[in-house]
Amino acid sequence: MPVQKSVVVPPLSPQRDSRRCEDPSPGPRTGLRPGPRLRERAAAATVWYLRLLAVLNIVAVLSLPFREEVHEHNGGEFFTPYLATAGLVSAALALFLAMVMRRRKRAAWVFNLLLAGPLFALYVLALTQDRFQDHLFNWLSATLTGLFVAALVIGRREFNAIGDRSNPRLALAVGAAGLLVTGAVGTWLVDATNKAQGGASLGKKIVYVLLRGISVGPLADRVPEVHAPRLIDITINALTAATFLLVLYACFRSPRGRALLTGEDEKRLRELLDRHGERDSLGYFALRRDKAAIFSPTGKAAVTYRVVGGVSLASGDPIGDPEAWPGAIDAWLAEARRHAWTPAVMGASEEAGTIYARHGLDALELGDEAIVDVADFSLDGRAMRVVRQAHNRVRRAGYTVRIRRHEDISDDEMALLVDRADRWRDGATERGFSMALGRLGDRADGRCVMLECRDAEDEPRALLSFVPWGEQGLSLDLMRRDRACENGLMEFMIVELLLRAGEIGVRRVSLNFAMFRSVFERGARLGAGPVLRLWRSVLTFFSRWWQIESLYRANAKYRPVWEPRFLLFAKSADLPRIGIASARAEGFLTPPALPAFTRRRESRPATGAKGTKDAQGVKETKDTDTKVGSAS
């Protein structure tokens, strides 16, 4: 589907290349030390070798002639290149190692060197004997294995991404559980399908399963008491391959990033927001305590991010002085490279997107943020008739709105508001990350603004919460309402805020985020091209479930100024992974929890006001859209 790119990515600067290829110990280079370009090419060669071997192993499993050829050259006086065994386990291993080597994991480099290095030495030793020298394929296998080892040695400085300290413990647990399940299932399958006469003991069946887990070739023929169908052999090998993959994933997974926002970090960020908070309507959301902060060398700017599924997910613009943004972005990208995280930014402005692009990230336009200038807002005129009628209808029904700063609300009353927000939440899962604060009622957020709507009987029916946007702006954080109340209640509350904003010194209000707004707007115009109309039709179809178009329409009725927001990413191939990580961060996807003994512990600072319960804010309602781009 066509997605408009609205940020022009400048050519890569020499600074970026130097960051990628720079030798960590600068100085005169000797003739024996490989240069940066050679190291990078050698590292890439190891990845392509592993990819090729993965394909060849899969072909060998599926193709009988090729498989028999590999088996012939893998026994007797023949030997094959590193990881060429005609088995799904080897294919899975090669494919997984290619993936983690592409991300420059140090542990993967060590793993390959420990396997391929001794194997190459063994091949060299074998070729000193006459019976192995007569076969040309042995020389080819030794050469390919030696080239792979040489590429590992030459490119060793490229593999510097570290892993998580809890990986060995998790790998042992996964391996033990996987082998137990694979052994039990494999033994049961062999027992049920054994074609050999006379039967076999339990020990023989277990040995057969272990050998079939290694290869689907003649290796298991050493157990003549067992003769299972070909499909069973492949199934056992596939189960072993899956177990092996899970163990490898546990060994090489990236650190999660446990350094969450500390009290000192929050203090420094608040100081930056005091000086530069007017720049970005999403700036205050950087204070979420499930994020980490990394500052520029001068301390004048910071990038806040959260690591989800190996993706370092930043949101909004960097905090602080724009002149110091490059230093903070450099530090964030360096941290991502060090831990093999995939860098991504959600909801950056055009100004920040341009600077991120100079650091090698590409940009896609996600949609537009609706910003209303209070001085320009009015209910007069034909264009505002629908909003005006909805506002008057709710007002005649006896509804009223109370507007207060959080600091003006007592602890007991705030506790009641938080409790109502929990009860009015649609669903058990809290949602919101890039444009939600996630802690309604925290006394550290006293400058936030609360709108409470009551009916004619003075019963609370809805509430809105806004975070500060500099000194004279607000940005929508949370929307909750009683589902049994009057329709149009959220519109009524927003209009009341816009009409009475002067009471609290507010001049502009950021409402919501409309994803793909330009597609709906331009796709409906006369002369829109067939591709654009098709893209609009697809989005309209999915709007039946995700309310994509209704979010845009709900924002447009206030006649806002539209400010584009962008997704920044390093490689197009990372977009599916970034999409999944974003959905997890926003609360739309919830992965199954790991066993307690394998979980990585996090030290989170205490949050919430005394006498209140923290509730993560979510912008959700049937009347209007949410900043996360979907209705709950």
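The values are calculated or read from the model by the stated rules, or taken from the named source; none is laboratory data. Quantities reported herein were computed from a predicted structural model and do not represent experimental measurements. Because the Cβ atoms are built from the backbone with ideal geometry, glycine has one as well, and the counts that use them run over all protein chains shown.
Screening F132, F137, F96, F120 for residues that are in the same structural domain as Y49 (by TED's automatic domain parsing), at negative phi, under 35 Å from the mean Cα position of the chain (by Cα) and in a helix (DSSP H, G or I) leaves exactly one candidate, F96.
Between a first residue in the stretch 157-183 that is among the hydroxyl-bearing types (S, T, Y) and a second residue that is buried (at least 16 other Cβ atoms within 10 Å of the Cβ) and at pLDDT 80 or above, which pairs have beta carbons less than 6 Å apart while being 6 or more apart in sequence or on different chains? So the pair list comes out as T182/L239; T182/T240; T182/T243. Restricting D368, D412 to those that are surrounded by 20 or more Cβ atoms within 10 Å (Cβ to Cβ) and not in a loop (DSSP other than H, G, I, E, B) reduces the list to D368. Contact annotation: residue pairs with Cβ atoms under 6 Å, 6 or more positions apart or on different chains, pairing a residue in the stretch 385-405 that is without any contact (Cβ under 8 Å) to a residue 24 or more places away in the chain with a partner that is outside any helix (DSSP H, G or I) and surrounded by 14 or more Cβ atoms within 10 Å (Cβ to Cβ), are R388/L379.
Taking the criterion of being surrounded by fewer than 17 Cβ atoms within 10 Å (Cβ to Cβ), in a helix (DSSP H, G or I) and under 40 Å from the mean Cα position of the chain (by Cα), would at least one residue in the stretch 395-409 satisfy it? Yes, the stretch 395-409 contains at least one residue that is surrounded by fewer than 17 Cβ atoms within 10 Å (Cβ to Cβ), in a helix (DSSP H, G or I) and under 40 Å from the mean Cα position of the chain (by Cα). Scanning the stretch 372-392 for residues that are in a helix (DSSP H, G or I) and loosely packed, with under 15 Cβ neighbours inside 10 Å yields A375, D376, R382, A383, R385, V386, Q389, N392. For the stretch 166-196, the set of residues classified as within 29 Å of the chain's Cα centre (by Cα) and within 15 Å of L245 (Cα to Cα) consists of N167, P168, L170, A171, L172, A173, V174, G175, A176, A177, G178, listed by residue number. Given the structure, is R454 more than 28 Å from G367 (Cα to Cα) and either among the small types (G, A, S) or free of Cβ contacts under 8 Å to residues at least 60 places away in the same chain (or both)? Yes; evaluated as a whole, the condition is true for this residue. A search for C-beta distances below 8 Å between a residue of the stretch 547-567 that is surrounded by 24 or more Cβ atoms within 10 Å (Cβ to Cβ) and any residue that is aromatic (F, W, Y) and modelled with pLDDT under 80, counting only pairs 6+ apart in sequence or on different chains, returns I548/F516; I548/F542; Y552/F516; Y552/F520. If the condition is being surrounded by fewer than 23 Cβ atoms within 10 Å (Cβ to Cβ) and either farther than 14 Å from T143 by Cβ or modelled with pLDDT of 85 or more (or both), then the stretch 78-88 contributes only F78.
For the stretch 338-358, residues that are assigned to a loop (DSSP other than H, G, I, E, B) and surrounded by fewer than 21 Cβ atoms within 10 Å (Cβ to Cβ) total 2. Residue check: is P343 in contact (Cβ under 8 Å) with a residue 12 or more places away in the chain, within 29 Å of N555 (Cβ to Cβ) and touching a helix residue (DSSP H, G or I) at 6+ places or on another chain (Cβ under 9 Å)? Considered against the rule, which asks whether it is in contact (Cβ under 8 Å) with a residue 12 or more places away in the chain, within 29 Å of N555 (Cβ to Cβ) and touching a helix residue (DSSP H, G or I) at 6+ places or on another chain (Cβ under 9 Å), P343 comes out as no.
Quick grid of which residues meet (1) at pLDDT 85 or above; (2) among the β-branched types (V, I, T); (3) more than 30 Å from V226 (Cα to Cα):
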position	(1), (2), (3)
R156	yes, no, yes
V174	yes, yes, no
L180	yes, no, no
K195	no, no, no
L202	no, no, no
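Restricting the stretch 296-312 to residues that are buried (at least 23 other Cβ atoms within 10 Å of the Cβ) and not hydroxyl-bearing (S, T, Y), the residue that is farthest from D442 (Cα to Cα) is V311.
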